[in-house]
1. Given an 8 Å cut-off on Cα distances and at least 6 residues of separation, report the relative contact order of segment 52-111 as a percent.
2. Find, among the trypsin sites (Lys or Arg not before Pro) in segment 70-156, those assigned to loop by DSSP (not H, G, I, E, B) with at most 11 other beta-carbon atoms within 10 angstrom.
3. Run the dipole for the chain about the Cα centre, Lys and Arg Cβ at +1, Asp and Glu Cβ at -1, nothing else charged, and hand back the magnitude in debye, nearest 20.
4. Considering the chain, what Rg and Dmax in Å follow from its alpha-carbon atoms?
5. Tell me which GluC sites (Glu not before Pro) from segment 3-87 have a DSSP coil assignment and no more than 15 other beta carbons within 10 Å of their own.
6. Determine the per residue accessible area of the chain with all protein chains present and a 1.4 angstrom probe, expressed in square angstrom.
7. Using only the Cα atoms, what convex hull volume per residue in Å³ does segment 58-130 have?
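The values are calculated or read from the model by the stated rules, or taken from the named source; none is laboratory data. Owing to the predicted nature of the structure, the values given are computational and were not obtained by experimental measurement. Counting neighbours? That spans all protein chains shown, and the Cβs are built from the backbone with ideal geometry, glycine included. For the accessible areas, the whole protein counts, side chains as well, though only heavy atoms, and no ligand, DNA or RNA atoms are used. Shrake-Rupley method; radii C 1.70, N 1.55, O 1.52, S 1.80 Å.
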Amino acid sequence: MEKIASFTVDHLRLLPGVYVSRKDHAGSEVLTTFDIRMTRPNFEPVMNTAEIHAIEHLGATFLRNHPEYKDKTVYFGPMGCQTGFYLLVNDTPKEQVLETIELVLHQILKHTGEVFGAHRKECGNYRNLNLEAAQLECGRYLRVLEESKPISFEYDQ
């Protein structure tokens, strides 16, 4: 079988950052998949399920309530390897997406109270959410992004 594109990225050289993973056509729309790589694969510890789950709930809620991104967000969710997230949006300038990712991370940092969707009726694993750990991960990643600017959005091969 042919190797899918994401398995051709050298995960031994991949650093935390934001990358354009792929562009797909759905009718006349161009969907861009962003790789929001929060930890260095195979070198740093992966994120735990509880903080990934909290970031997913909060990030998806903030994106889908954002005045500009609520209709452009197709998907926001975790990578199975637990090193980051995928964000699929209708084609939007990557610099604008980066600003929005940073805005969402800041919103997660400022969030107080309950994680959105943290009820049995709303989530199939509602007890496994950790806001404090999610905020630590988001704060750490924001510092990484700031130190990495300008962001190239391209995988170095």
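1. Dividing the mean separation by the residue count of segment 52-111 yields 31 percent.
2. K70, R120, K121, R127
3. Result for the chain is approximately 320 debye, rounded to the nearest 20.
4. 15.4, 47
5. For GluC sites (Glu not before Pro) across segment 3-87 that sit outside H, G, I, E and B with at most 15 neighbouring Cβ atoms in 10 Å, the list reads E68.
6. 57
7. Per residue, the Cα convex hull of segment 58-130 comes to 115 Å³.
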